[in-house]
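Okay, so here's the structure we're looking at.
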């Protein structure tokens with residue numbers, strides 16, 4: 001019995017197993033990661049998250065605070081930021097740590113227009129009173145948007161890979 005196209009199918013499966021498919025998957029994963037970074041930046045802007053450009057820039061591949069790591073031969077992607085205040089901006093926070101039993105805290109620095117610039121050696125500054133600051137949810141929003149987009153993109157890509165390989 002002869003199956004037409006079997007030799008070609010075996011050749012394509014060997015090609016896929018020898019890195020052709022894995023390489024394509026890694027390229028797609030990196031591209032989708034870049035799309036996610038764009039979505040996070042758009043959500044920071046849309047939600048008007050307080051930012052001095054550090055947070056926004058930390059979601060650009062290559063920024064010193066950005067986390068963008070392809071692992072496991074390009075099949076696992078870790079994305080995020082190393083900025084300490086990123087989670088506070090997303091989740092919300094108290095202006096003062098409640099466990100310290102304080103109701104206010106002095107922060108040295110100076111005002112430049114409507115922005116406060118921290119300066120540990122300044123004689124001037126501002127007094128923070130104990131209160132809750134709501135987070136903007138920028139990361140949570142971006143993740144929800146991305147999850148919807150990712151599913152459709154993956155289905156389309158898997159079909160393309162099946163057709164190709």
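The values are calculated or read from the model by the stated rules, or taken from the named source; none is laboratory data. Please read these numbers as outputs of a predicted model, since none were measured by experiment. No Cβ is skipped: glycine too gets one built from the backbone with ideal geometry, and neighbour counts run over all protein chains shown.
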Among 46, 53, the single one that is exposed (fewer than 14 other Cβ atoms within 10 Å of the Cβ) and at positive phi is 53
Among (1) outside any helix (DSSP H, G or I); (2) out of contact with any helix residue (DSSP H, G or I) (no Cβ under 7 Å at 6 or more places or on another chain); (3) more than 30 Å from residue 111 (Cβ to Cβ); (4) at pLDDT below 75, which single condition is residue 52 missing? (3)
Selection status of residue 144, assigned to a loop (DSSP other than H, G, I, E, B), over 19 Å from residue 30 (Cβ atoms) and modelled with pLDDT of 90 or more: no
Flagged in region 109-139 as more than 23 Å from residue 98 (Cβ to Cβ) and exposed (fewer than 14 other Cβ atoms within 10 Å of the Cβ), in numbering order, are 111, 112, 113, 114, 115, 117, 119, 120, 121, 122, 123, 124
Is it fair to say residue 34 is in a helix (DSSP H, G or I), closer than 30 Å to residue 157 by Cα and at pLDDT 90 or above? yes
Looking at 64, 99, which is the one that is at pLDDT 90 or above, farther than 22 Å from residue 27 by Cα and either in a strand (DSSP E or B) or out of contact with any helix residue (DSSP H, G or I) (no Cβ under 7 Å at 6 or more places or on another chain) (or both)? 64
